[in-house]
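Novice: Have a look at the structure that comes next, please.
A short reminder: the numbers here are calculations on the coordinates, not readings from a lab. Keep in mind that this is a model prediction, so the values were computed, not measured. Cβ coordinates were reconstructed from backbone atoms using ideal geometry, including for glycine residues, and neighbour counts include every protein chain displayed.
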């Protein structure tokens, strides 16, 4: 049975002065048209995208990957996100996610790790190394606003995204997906963090990983937890509309400071695909 936890009042959404949509004149980071349910549920957003493969031989600190980016520069620079795959997986396991996020106005790099067996702390370091590469050396560095960066990852990559936000508190957003980490408490994290888990996950069970991670985010500026109904550990490895819809909304809200996306995050969404939802926003 679907169970939605009432949204918790408490932390104010970063950058919000009043409830209601922001406009480009007020927010220089706003990109793209006014969002609708159909727009953020579509397999592609409003921006055309291209990609650039990066060899492991040309980088240091991580194993290379693929960059997905909007082809236009008419609206200015974009925020950037690096994404780590899980234990034993490579970038191909999340390849669908790169162009989908990029099409909403982000530069996205799905990385390969130095070893398929790297643990979360190492994956966190590699996510940060990939961000440094994107903003300083990559072919798309001129398209990126280096002050607006985020991280995400699946499984041990999701645990790695928590490690990255602990180490670099200036990050604007994090999305750990079916995250796994031996460390269960994250009071060091200041970054707005959206944790997505699967109800039937037996590898990184929500009761042992995603839920205690969420509960421990006592100092995060904002946090949310979404549990997908009936999903196991590997749901991020194929296109998932619910995951992408709310992930896009979180990244737009906190990397782009775009309050037009508040409507999809608060109050708790009425979505049959969601088993449970919690958030620290004021729209209860």
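Novice: Between residue 202 and residue 48, with labels modelled 7 Å along Cα→Cβ, what's the label distance in nm to one decimal, could you check?
Specialist: 4.7 nm
Novice: Which order do 252, 245 fall in if you start with the one that has the fewest other Cβ atoms within 10 Å?
Specialist: Ascending Cβ contact count within 10 Å gives the list 245, 252.
Novice: Please list 221-234, 38-51, 105-118, 65-78 highest first by mean number of surrounding beta-carbon atoms within 10 Å per residue. Show your work: numbers first, answer last.
Specialist: On the way: 221-234: 20.9, 38-51: 15.4, 105-118: 23.5, 65-78: 19.0.
The densest-packed peptide leads the list: 105-118, 221-234, 65-78, 38-51.
Novice: In whole percent, what relative contact order does the chain give with Cα contacts below 8 Å and a gap of six or more residues?
Specialist: 24 percent
Novice: Where in region 171-199 does the label zone of residue 218 land, with the point 7 angstrom along Cα→C-beta and an amide N cut-off under 11 Å?
Specialist: Counting only backbone N, you get 186-188.
Novice: Moving on. Average projected area of the Cα convex hull of the chain, in nm²?
Specialist: 12.7 nm²
Novice: Additional query: Fully extended, how many nm does the chain gain between residue 238 and residue 60 (0.36 nm per residue separation, minus their Cα-Cα distance)?
Specialist: The span from residue 238 to residue 60 would gain 61.2 nm if fully extended.
Novice: Using only alpha carbon positions, build the gyration tensor of region 159-284, then give the equivalent ellipsoid semi-axes as the square roots of 5 times its eigenvalues, largest first, whole angstrom.
Specialist: Semi-axes, largest first: 19, 19, 13 Å.
Novice: Another one. Using alpha-carbon pairs under 8 Å, 6+ residues apart, how would you state the relative contact order of region 164-205 in percent? Intermediate values should be presented prior to the final figure.
Specialist: Working: 48 pairs, mean separation 19.1, N = 42.
Taking the mean separation of contacting Cα pairs over the length of region 164-205, I get 46 percent.
Novice: Let me ask something additional. Relative contact order for region 154-284: what is it in percent, counting Cα pairs under 8 Å that are at least 6 residues apart?
Specialist: Averaging sequence separation for qualifying contacts and normalising by length gives 22 percent for region 154-284.
Novice: Something else: Quick check: residue separation of residue 272 and residue 146 times 0.36 nm, minus the Cα distance between them. What number comes out in nm?
Specialist: Result for the pair: 41.7 nm of gain on full extension.
Novice: Can you sort 154, 209, 104 from fewest to most other Cβ atoms within 10 Å of each residue's own Cβ?
Specialist: Listing 154, 209, 104 from fewest to most nearby Cβ atoms yields 209, 104, 154.
Novice: Sort region 94-218 into rounded, prolate or oblate with this rule: let a ≥ b ≥ c be the square roots of the eigenvalues of the Cα gyration tensor; rounded if a/c is under 1.5, and if a/c is not under 1.5, prolate when a/b is larger than b/c, oblate otherwise.
Specialist: It comes out prolate by the Cα gyration axes.
Novice: Which of the peptides 255-266, 129-140, 173-184 is most tightly packed, and how do the rest follow, going by the mean number of other Cβ atoms within 10 Å of each residue? Don't skip to the end; give the middle numbers.
Specialist: Values: 255-266: 22.1, 129-140: 19.3, 173-184: 25.0.
Put in order of decreasing packing, that is 173-184, 255-266, 129-140.
Novice: Neighbour counts of other C-beta atoms within 10 Å: give me 276, 37 arranged from fewest to most.
Specialist: On the way: 276 18, 37 11.
The fewest-first ordering by Cβ neighbours comes to 37, 276.
Novice: How far is it, in nm, from the label point at residue 41 to the one at residue 72 when both lie 7 Å from their Cα along the line to the Cβ?
Specialist: 2.4 nm
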